[in-house]
Structure formats: C-alpha cells, structure tokens
1. If a residue counts only when it is within 16 Å of ligand 2 (Cβ to nearest atom) and within 29 Å of A:Ala106 (Cβ to Cβ), which strands (runs of 3 or more DSSP E) contained entirely in the stretch A:153-267 have at least 2 such residues?
2. Being closer than 17 Å to A:Leu264 by Cβ and of a type in the set (Val, Ile, Thr) is the filter here, so list the residues in the stretch A:204-250 that pass it.
3. Touching a Lys or Arg at 6+ places or on another chain (Cβ under 9 Å), away from ligand 1 (no atom under 14 Å from the Cβ) and more than 14 Å from chain B (Cβ to nearest Cβ), is that true of A:Gly61?
4. Would you mind finding the one in A:Ser234, A:Ser152 that is more than 28 Å from B:Met179 (Cβ to Cβ), open to solvent by 50 Å² or more (accessible area, probe 1.4 Å) and of a type in the set (Gly, Ala, Ser)?
5. Cβ-Cβ under 8 Å, sequence separation 6+ or interchain: first residue in the stretch B:273-286 and among the aliphatic types (A, V, I, L, M), partner not in a helix (DSSP H, G or I). Which pairs?
6. Kindly indicate whether any position in the stretch B:155-165 is open to solvent by less than 20 Å² (accessible area, probe 1.4 Å), farther than 16 Å from A:Leu108 by Cβ and more than 8 Å from chain A (Cβ to nearest Cβ).
7. How about the stretch A:21-58: which of its residues are open to solvent by 50 Å² or more (accessible area, probe 1.4 Å) and either within 14 Å of another protein chain (Cβ to nearest Cβ) or within 16 Å of ligand 1 (Cβ to nearest atom) (or both)?
8. Please indicate, with yes or no, whether at least one residue in the stretch B:177-191 is aromatic (Phe, Trp, Tyr), within 14 Å of chain A (Cβ to nearest Cβ) and more than 30 Å from B:Gln213 (Cβ to Cβ).
Amino acid sequence: MLELKNIYKTFNAGTVNEKRVLKGLSLSLADGDFATIVGSNGAGKSTMFNAVTGVFYVDSGEIILDGEDITFKKEYFRSKEIGHLFQDPMLGTAPHMTIEENMALAYLRASKGRHGYFSRVSKKDKAMFKEHLRMLDMGLEDRMKQPAGLLSGGQRQALTLIMATMVTPKLLLLDEHTAALDPATAEKVLGLTKNIVAERKITCLMVTHNMHQALTLGNRTLMMDAGNIVFDVSGEERSRLSVEDLLNKFKDNAGKNLDNDRILLSD
Amino acid sequence: MSQIFTVSILQSALELGFIYSLVVLALFISFKILNIADLSTDGCFTLGCAVAASVTISGHPVLALFAAMGAGVLSGFITAFLQTRLGVESILAGIIVNTGLYTVNIAAMGFSANLNLFQCDSIFTMARDFIGESSLVTGGWYKLLLLIVLILVAAVLVTLFLGTRLGLSIRATGDNAAMVKASSINPKFTITVGLCISGSLTALSGGILAQYQKSCDINLGTGMVTIALASLIIGETLIGTGPVAKRVAGVIFGSCLYRFIVAVAIRLNVPAECLKLVSALIVAVAIAFPYIKENARFTKRKYTEMARRKKGGAA
Ligand SMILES: Nc1ncnc2c1ncn2[C@@H]1O[C@H](COP(=O)(O)OP(=O)(O)OP(=O)(O)O)[C@@H](O)[C@H]1O
Ligand SMILES: [Mg+2]
C-alpha cells in the first residue's frame, strides 16, 4: 500500500543549520498493515510522516501510495487519500466552525468524484455524522451546532479521528495523537483508533512513546534512529518480544540506548 | 427632536444601508472569514462605480451591474494572485492594487474625474416603470423595495454558498491553516475564490450606488474600507456571532444602522467636513465597545467583592 524507497531529506542544506534528517529510509507497508513506530527524539519520525503527506518534497527517493507515484504530488492532492493526526489536538479542526460543518467539510472533500465544488451535505449525511459521533460516546451527537473550539482536547482529537476516517483513507498516519491527552481520555481515543482501524482494515502507521503499546497494537513494530529504520518486527517473532527485548534490539541495532524523554516502559 | 427621525431620513438611510451592505458583506468574507485585511476595497468600490457608470451611459443598466461585478472579480483575482503566487504580503497586495486601480478607474470613466447619469435608464427607473402608477412610486418606496430584493438575493446566495464544499473550505482556510493543509484544500485556490467573490460584491455595491445617485466620482470609494469595517463591527457587536445566516443578517443590520447614525449626524448639522471624523469615532467606539463592557463588568465585580470582604473582615 505504501512504499518508501531510499528517501533522503536534509533541512537547510548548505547552511550552518544543515540537518540531515532522513538518510536512505526505505519502508514497505502491505495493505491493511498497522505498524507502530518508536524511536529516539529527533529520529525523524514526524519528518517521515511529513514526507509522505507532502509538507515538503524529499531530496531523493520515491514515495508510492497504492501503486501511484506521489513523490512530486502536492500536499492537498495527497491528503485526499491520507488521514493525518498530530499530537496537538488544535491542529485537526476549525475552531469557529460547528462540529457539523467540520464533519461536512471532511466528508465532502474526501468522498472524491461524487462531490463538486457546490455540493452540500444532505439530511441523510447529517444523520450519518450523528451516528459516527454517537460511537464516541462523548455526547458530541447532541452538540453538532456548537463550534468545535468549545470541545476539550480529547474530544477534538476524537472528532479529528472520525473526520479522518469517515471516508476510508488509503493510509492513516497517527503521530503521538494521544500524547497530549489525560490518561483516561487517551485510553478512550486509543480504543476508538483500534476499533476503527481494525473494522475498516485501514493501513496505518502510528508513532507512540509507549513501549507496551508499540508491541501490542497492530501487527508490526518499527524502531527508528537517526533517520533510518533500525528494527522491523512482525508476526510470530513480535508476539514473543517483551519490552525489555525490544529495548535490547534497539541497542544492538542502533549502537546506543533508546533515548526519548517521553518514553513509557510500562503501560 | 422628533424631526430627526423623519420617515424620509429613515428611508434614505435604509437605501444607502442596503447598498453599502454589499461592501460590508465583501469585508465579512475577506476579513472575518478568510482573515485577510484586504485594503483594495476603496479602489474596487470606485471601479464598480466607474465601470457601471460607463456601461449605464451606453444604455445597458442591467449589463452595467454584471460588468461591475466582472471587474470586481478581476480586481480580487489580482489581489489574490499577488499574495498567493508572488509572495506579496496580503496588506501590501491590497494597497498595491488600490493604488493601481486609481488609474484604471479614471480610464474606465473615459479619463474624466466624474460622470453623470441623469439622462440614463437605471435599474431604478426600470423598476419604477415596471411598477407603474402606484403609491410605491409616488412615495419613492420602489427604490427601497428593489434594493431589499437585490440584497436579500445576494445575502441568501452568499449564505448558501458558505455551506457548500467550496464555501466550507474557504471558511476553514481562514480558521485553521494547519488543518487546511492536511485536508486536501489548496489554500491558494480558496483564498483566490474568496477574494474574487469579495471583489465582485464590493464592485456591485459601487455599481448600484452609481445608478442610485446618478453620478460617479473618482473619489467615491475613499474611506470605504473604514466605513465597511465600522458597519461590520457594529453588526457583530449587536447581533453577535453564530450560524452564518445570523452573521450575514448582522452585516446588513450593521450597515443600515451605520447609515442611520450618519444621517442623524447630518441632521444635527454636523458639518460635512467633519463626517469622516464622525465615522472614525463610530468605528473606534464600535470596536472598543465589547472590551469596555467586559472591563466595566469586571471592575464592578471587583469592587463589590472587595467591599464585601472588607465588611466581613471588620466583623
Ligand atoms: N522544517 C525543519 N527544519 C529544520 N529542521 C527540522 C525541520 N523539521 C524537523 N527538523 C529536525 O529534524 C529532526 C527530526 O525531527 P522529527 O520531528 O522528525 O523527530 P521525531 O522523531 O518526530 O522526534 P520526537 O520523538 O521528538 O517527536 C530534528 O532534529 C528536527 O530538529
Ligand atoms: Mg515527532
């Protein structure tokens, strides 16, 4: 589904601030793969996501999504097929637009082909939005006419998740999307993520700093360091790994300890 | 005092209020929705006025208004092009276009500083002829009636548009830039569309005004952006925010109320030269009003609580 081939990216090339972030990164995700990613601070996890969504063009390498070469496609073109959630819940919704308008926008833009510039959502669509919100069990279905800015961080993140997946994307990128939430809310949003991804078989990449989650969620674990994937495990081997094993694997492959200031070793 | 509020004052204040409400609507789109301070308003208003006047003189009053709108779209497009494709700061883009438009406007008026349309057919004379002999015509109410219909159509269209996929995208562009980038909206495109619509409304307003006052002057648009901003803020302060339809209603209400205040000022014999100062004052007061209100409430609470505590302490 997603193929990264030998990706390089250097920021501020040729200046004193030159920063080589991605150094020949390659990755192949099968259809329906749900991979978790852990890595040290500054390993390039967010940068890899940004390369995929097209925040910038990569210096060299190829990005292929569902057989289509998107290396030189514009960001707004790629995001039709890619859902992207950030750590900051404020980034995903328009605060002065109502919950319903936010959902209408997400729905109309993503259901490609069927909706022209002047299409509006119907009563039926609105009922469908309501159904989606009911799933969250946060009471948002009764607040459809309120501005999204009034929601708490967790509620906004849950709404963003619904918006990103309402029309099934080809790829879902989750960048520590529960890290800014309190533990109970984080748990809830995570459970929701699990259900949606499993139910619709969405191909998904999720950055986490929770080692336990990294091993138990999804079907594959990737470890990143210094702009490369240093460890990639799935299947039988993965199910036998403990958090400690994982840390040792990192040390063996990266030649140093996993150094992340937010890392959680247990759940 | 009773003379201040005569029917005819109210009538002409409403007429002007409705005409200018289109500029306020334009500013609502550029300033409130897209969050862009577009300073090409003055020139764009005169542009609409000049183009409509020229076409009206050649005998096509309806076409004149469409021509004005077309010119406004072009003006908005250039402003948008400067900021989205050439990296010009948005305020500067507006100023540049505003400056350039002066020459364009003079040219549109056949290189004269004013035109008069006294002998020409206009949408108002057409409406009068259409209605025929009735009290509407003798009382002059047909103008207001026509304007209400026009502005209502424009307001409904804009409101409906803002609920479409493109309209929602434009609103999101001004509300959360980060989200827009990650949600397959091309902000360059939405900004361009938004400013084109805004430009067309501004120019339409100018065009209608030209036919309404049967003349066009090169300096007609001067200060328009301040006036429109004042109306916008008055409307927002008094009607409040909420659903788009309510905010659009606030725009029209603000514009009419502003005209009414100005009419009263004129009635009170405020000299014509001072009107700009009056306008500026209205703007400042309208903008500061919510802040002053909030401050006053807090100060009051502070003093009552302090007084209560003092009493409690003494006991
Ligand atoms: N636009 C940019 N310009 C310059 N440097 C950048 C830019 N974006 C990222 N970097 C640098 O690239 C490196 C990798 O950043 P990135 O955000 O990808 O790390 P990360 O793996 O997501 O780390 P964390 O776990 O802290 O989120 C960092 O050193 C960062 O400073
Ligand atoms: Mg990161």
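The values are calculated or read from the model by the stated rules, or taken from the named source; none is laboratory data. All figures in this text were calculated on a predicted structure; none of them were measured in a lab. Cβ atoms come from the backbone with ideal geometry, glycine included; neighbour counts cover every protein chain shown. With ligands, DNA and RNA removed, areas are computed over all heavy atoms of the protein, side chains included. Shrake-Rupley method; radii C 1.70, N 1.55, O 1.52, S 1.80 Å.
1. A:171-175, A:203-207
2. Once the filter is applied, which keeps residues that are closer than 17 Å to A:Leu264 by Cβ and of a type in the set (Val, Ile, Thr), the stretch A:204-250 yields A:Val207, A:Thr208, A:Thr216, A:Thr221, A:Val243.
3. yes
4. From the options A:Ser234, A:Ser152, the qualifying one is A:Ser234.
5. B:Val278/B:Val270
6. The answer is yes, given that some residue of the stretch B:155-165 is open to solvent by less than 20 Å² (accessible area, probe 1.4 Å), farther than 16 Å from A:Leu108 by Cβ and more than 8 Å from chain A (Cβ to nearest Cβ).
7. A:Lys23, A:Asn41, A:Gly42, A:Ser46, A:Val55, A:Tyr57 - these are the residues of the stretch A:21-58 that are open to solvent by 50 Å² or more (accessible area, probe 1.4 Å) and either within 14 Å of another protein chain (Cβ to nearest Cβ) or within 16 Å of ligand 1 (Cβ to nearest atom) (or both).
8. The answer is yes; a qualifying residue exists.
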